[in-house]
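Structure first, commentary second.
Readers should treat all values here as calculations from the given coordinates under stated rules, not as data from a laboratory. Just so it is clear, the model here is predicted, and its values are computed rather than measured. Reconstructed Cβ throughout: ideal geometry from the backbone, glycine too, with neighbour counts over all protein chains shown.
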Amino acid sequence: MESNVKPMPLPGKPAAPDTGTLKGFLRFLAQELKPRGKILTPFNVVTGIIILVGIAIIAVRFARGLGAVTNLSQAYPWGIWIGFDVVTGVAFAGGAYILTFAVHILKVKKYEPIVRATVLNGFLAYVFYSGALLLDLGRPWNVVNPIIGNAFGYGSVLFLVAWHFLLYTLVLFVEVSPAIAEWLKWVKAKRIIQKVTTATIILGVTLSTLHQAGLGGLFLTAPSKIHPLWYSSNIPVLFFISSMFAGFSMIIIESMFTHRIFSDRLDEAHRASHNKILLGLAKGSASVMAAYLFLKVIDLTHGHQLGLLLTPMGYWYLVEVAGFTLLPLVLYVVAIREQSTRLVQGTAVLTAIGVILNRLNISVIAFKWYEAVRYYPSWMEIWVTLAVISMELWVFRWVITRMPILGAPPDFTAKEGTLNNLDDAEVVRWKVSSSWKVSAS
Amino acid sequence: MTISRRNFLRVAGAAGGILLAGGAKSARTAQTPQTSAGGIEFNGMLIDTTKCIGCRACEEACNAQNSLPKPEVSFSSESVFEKKRDTTPDAYVVVNRFPNVKDPDKPIFVRRQCMHCTEPSCASACLCKAMEKTPEGPTVYHKDRCMGCRYCMISCPFDIPKFEYNSPSPFVKKCIGCYDRVARGEQPACAEACPEGATLFGKRRDLIEEARKRIYRNPDRYHPRIYGEHEVGGTGYMYLSAVPFRTIGFRIDLGTKNYPELTSGFLSSVPLVDILWPAVLFGFNYLISDRGEERGKESGDGE
């Protein structure tokens with residue numbers, strides 16, 4: 001597309017083909033698709049086996065029906081493929097909308113170094129979770145019905161969720177695409193994308209608001225099935241608010257790993273501001289959690305459910321709300337006062353567990369808590385979930401090592417031969433040692 | 001007996017009598033529509049459990065009507081009553097036996113099938129209109145539209161839709177109120193097969209009148225309540241019983257609010273958020289952005 005940005009060929013390495021032509025693009029893609037670095041690392045072997053067996057299980061699922069691999073029943077139509085993969089996974093992907101909101105709308109420059117990684121994470125999460133959703137649908141080939149079909153169920157919360165889910169995935173793709181354009185060195189494309197950035201992000205925040213809330217709204221139709229401690233007409237609001245601190249904690253956790261594993265790809269600015277960023281995220285998370293707990297207390301007292309706290313389900317409720325929401329809130333506050341990033345990271349893990357508990361409680365555990373025969377996931381359901389996560393990690397790693405996600409984006413306005421970042425990107429190799437550490441060769 | 005009779009009169013006075021009074025009646029009809037939007041009155045069924053003898057003729061007729069596979073235990077065998085049964089993808093109606101708290105020698109038989117709610121939760125939950133409430137009354141299933149998400153099963157307060165978990169091309173199965181027969185003006189197969197007249201098919205309004213009449217005339221025979229008259233906004237299939245419904249497997253905690261109303265508040269906020277949010281965010285962005293100021297400065301500086 002732009003011939004004047006051809007990078008300087010590195011010694012001993014074929015020149016990067018011109019991606020402007022179809023032939024050049026395909027050659028470039030073929031070259032990039034090749035694995036880099038050592039293949040037989042412990043991480044690759046373990047996740048590779050998980051993915052292979054997972055694919056076999058998925059094949060059985062499509063050949064013989066959901067009953068062949070899942071523990072789903074007439075009483076429990078939704079298991080962990082919905083409750084964990086979709087309902088929990090989407091909450092954690094909330095980091096993308098909250099961070100783009102902070103950086104692009106509120107212009108908080110501090111978080112700029114982590115926006116791309118977070119958005120990429122969000123995008124991949126959506127792609128893989130909607131993929132996992134297809135596994136759970138009985139008739140996935142009809143998934144387009146509410147989108148292009150003649151049967152629009154306007155009155156359905158799921159209709160709302162499906163549309164916002166689809167549109168937001170497209171929005172996330174647009175938000176990721178500057179990195180793709182830089183990777184392909186498509187200068188003009190990047191310029192066009194940059195023009196629509198603000199509008200895209202506003203659309204993304206709007207869509208996220210409704211579909212994070214909508215995922216909770218799905219459960220409004222089950223007042224007689226969800227334990228009264230968890231059922232509330234505020235579920236949509238609670239889901240929306242908790243998706244914020246789920247997003248914040250996921251960014252913190254994710255940065256723990258990327259900093260260790262992809263440390264060579266981080267630029268100095270990123271590294272230097274990292275502590276500040278973590279403490280800022282902790283502040284954001286803590287304030288949102290306070291609002292969330294306030295709403296929880298209102299629900300509890302207005303519903304006159306205090307007596308229910310002294311039942312087995314009540315204790316379980318306290319584990320979730322006091323142990324994994326109130327406690328992390330306190331710890332975040334302590335961490336902010338002590339300026340301890342270590343504590344922030346640990347607390348983020350606790351918070352994430354709290355979010356997982358909350359989503360699983362509403363969709364699986366406190367759902368039909370009265371049933372004599374309870375649902376618990378089969379090993380194959382768990383395995384497929386792990387396979388989906390493994391596949392996502394592979395793609396995440398592939399993108400991180402090839403596209404300018406963690407480092408500063410290349411400067412397209414500079415003159416030929418000064419695309420330092422891009423050339424650096426080509427030098428970096430994958431080398432996963434036994435400690436999962438990547439170092440430049 | 002006298003106590004129960006007095007109790008009955010009190011309840012009947014409170015519930016039935018007041019409801020029959022003009023103002024209250026119109027308020028109730030507003031809450032529970034008896035007719036479809038087109039003005040056609042919904043059909044329904046009145047199931048009198050005091051008349052049911054547990055012969056399972058309804059099950060057999062349903063099986064034939066819907067071409068369902070033969071059951072493992074024959075329809076004439078009583079052994080099925082030893083365990084509580086639920087409907088399955090292959091059995092849209094099942095009869096269960098319950099001990100009679102009033103008269104231990106006479107067990108109570110209760111059939112279970114789709115209730116054909118006046119405002120069905122399944123139909124409002126379905127994102128591709130595979131579940132649909134017809135003007136005739138039955139809630140039907142369009143299998144060509146269904147994507148198998150099973151949200152109808154989550155939403156149904158009676159846990160009626162059943163999913164074919166062991167099929168690579170599964171459908172949701174449930175009683176569709178013999179829609180074809182009803183549309184032709186016939187009654188559902190199960191009602192026609194019932195030898196005891198325990199299932200009465202007709203217009204919902206007439207069925208409620210009939211049910212009330214039975215309760216008034218035989219206060220000793222009936223528990224003074226029509227299950228389904230108000231539950232979840234009213235159901236098409238309604239029940240009469242000799243004993244409290246709680247004791248024969250019915251949920252009495254479902255409330256009288258129709259289920260689509262549970263999500264209507266949230267759904268009505270959607271257009272609001274979709275319009276207001278972008279406007280507010282653009283405003284914010286514009287407020288914070290210093291692009292305009294910079295441009296002003298540049299031109300002022302004149303370089």
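Of note:
- Debye log10 I(q)/I(0) at q = 0.10, 0.12 Å⁻¹ for the protein assembly as shown, Cα point scatterers: -1.05, -1.37
- Region B:119-202 shape via C-alpha gyration tensor axes, a/c threshold 1.5: prolate
- Using the Cβ-Cβ distance between A:Leu29 and A:Leu393 with R0 set to 22 Å, the FRET efficiency works out to roughly 0.55.
- For residues of A:224-235, the mean tally of beta carbons on other chains within 10 Å: 2
- Remark on region B:160-218: hydrodynamic radius 14.1 angstrom, per the Kirkwood mean of 1/r across alpha carbon pairs.
- For A:Glu254, the shell of other residues with beta-carbons less than 15 Å away shows a net charge of +3, using +1 for Lys and Arg and -1 for Asp and Glu.
- For B:Glu196 and B:Ser289, the difference between the fully extended length at 0.36 nm per residue and the C-alpha to C-alpha distance is 25.7 nm.
- If you take the Cα centroid of region A:188-210 and the Cα centroid of region B:69-108, the two points sit 59 Å apart.
- Distance between modelled label sites at A:Arg337 and A:Thr197, nm, 7 Å Cα→Cβ extension: 3.9
- Positive minus negative residues near B:Val94 (Lys, Arg vs Asp, Glu; Cβ under 14 Å): +2
- Counting Cβ atoms of other protein chains within 10 Å of each Cβ in B:86-93 and taking the mean gives 1.
- Contact order relative to length of chain A, as percent, for alpha carbon pairs under 8 angstrom and 6 or more apart: 27
- Anisotropy class of region A:43-85 from Cα gyration tensor, a/c 1.5 cut: oblate
- Under the span-like rule (Cα at least 30 Å along the axis, Kyte-Doolittle mean at least 1.0), DSSP H helices of chain A: A:42-64, A:112-136, A:157-184, A:235-261, A:379-402
- Region B:49-204 shape via C-alpha gyration tensor axes, a/c threshold 1.5: prolate
- Sites matching trypsin sites (Lys or Arg not before Pro) across region B:151-255 that sit in DSSP coil, with at most 15 neighbouring C-beta atoms within 10 Å: B:Arg184, B:Arg221, B:Arg251
- Approximate spin-label separation B:Arg205-A:Ser73, in nm, with each point projected 7 Å along Cα-to-Cβ: 4.4
- Fully extended contour minus Cα-Cα distance, from A:Leu310 to A:Val45, at 0.36 nm per residue: 90.7 nm
- Applying both filters, DSSP loop and at most 16 other Cβ atoms within 10 Å, to the chymotrypsin sites (Phe, Trp or Tyr not before Pro) of region A:213-242 eliminates every site.
- Quotient of C-alpha Rg and 2.2 N^0.38 Å, computed over chain A: 1.03
- Working note: Debye formula, equal point scatterers on the alpha-carbon atoms of region B:154-303, no solvent; log10 I(q)/I(0) at q = 0.18 Å⁻¹ is -1.24.
- Listed pairs B:Lys83/B:Lys213; A:Lys296/B:Lys143; B:Lys70/B:Lys102; B:Lys84/B:Lys257; B:Lys70/B:Lys257; A:Lys368/B:Lys143 exceeding 30 Å between Cα atoms: B:Lys83/B:Lys213; A:Lys296/B:Lys143; B:Lys70/B:Lys102; B:Lys70/B:Lys257
- Here the sum of -39500 (n - 2.57) over DSSP H runs of 4 or more residues, divided by the residues of chain A, equals -20000 deg cm²/dmol at 222 nm, to the nearest 500.
- Considering only Cα atoms, the convex hull volume of region A:288-378 works out to 106 Å³ per residue.
- Estimated FRET transfer efficiency when R0 is 41 angstrom, pair A:Ile55-B:Lys84 (beta carbons, to 0.05): 0.55
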